[in-house]
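A.B. asks: The structure follows.
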Amino acid sequence: MGPSGCGKTTLLNLLGDRVGSKGVQGTITLNGHKITKNSKRFVAYCTQDDIFFPHLTVKETLSYTARLRLPREMSRRDKLKQVENTMALLNLTKCANTII
């Protein structure tokens, strides 16, 4: 993708809204439209460093993330169903109870 120091992480941080607006100029759009709070829900990336809690299982980690990132209006049951669907999609069901 590019050599060290060429701005890859800075670009991802800007796109992922992980940087404040201080010193930043320009407009970021998604398919030609200004990014809204709702559209930000569909944009994320994983950092290079591990940010997982080492004492949680795969299912616990995904459940924790789902409860934080999915809409408040969504019931806890529906969030946990989404976790199950995601684990199945990623073929993680067999290791759901494995500590990360």
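A.B. asks: Can you sort Tyr45, Tyr64 by solvent-accessible area, 1.4 Å probe, largest first?
C.D. replies: So, going from the largest accessible area down, we get Tyr64, Tyr45.
A.B. asks: OK, next. Check cross-link reach from Lys81 to the lysines: straight Cα distance under 23 Å, and skip same-chain residues fewer than eight apart.
C.D. replies: Lys40, Lys59, Lys94
A.B. asks: Which three lengths, in whole Å and largest first, does the chain cover when its Cα atoms are put on their principal axes?
C.D. replies: Principal-axis extents of the chain (Cα, largest first): 44, 35, 22 Å.
A.B. asks: Right, next: With runs of 4+ DSSP H residues as the only contributors, calculate the mean residue ellipticity of the chain at 222 nm using -39,500 (n - 2.57) per run, divided by the residue total and rounded to the nearest 500. Spell out each step's value before the answer.
C.D. replies: Values: 4 runs with 38 residues, N = 100.
Calculated mean residue ellipticity at 222 nm is -11000 deg cm²/dmol.
A.B. asks: Net charge near Arg67, counting Lys/Arg +1 and Asp/Glu -1 over other residues with Cβ under 12 Å of its Cβ?
C.D. replies: Local charge sum for Arg67: +3.
A.B. asks: So how much slack lies between Asp78 and Ser39, counting 0.36 nm per residue of separation and subtracting their Cα-Cα distance, in nm?
C.D. replies: Extending this stretch completely gives an extra 12.0 nm.
The values are calculated or read from the model by the stated rules, or taken from the named source; none is laboratory data. Everything quoted here is computed from the prediction, not taken from an experiment. All Cβ positions, even for glycine, are placed from backbone atoms using ideal geometry, and neighbour counts span all protein chains on display. Ligands, DNA and RNA are excluded from the accessible area calculation, which covers all protein heavy atoms including side chains. Shrake-Rupley method; radii C 1.70, N 1.55, O 1.52, S 1.80 Å.
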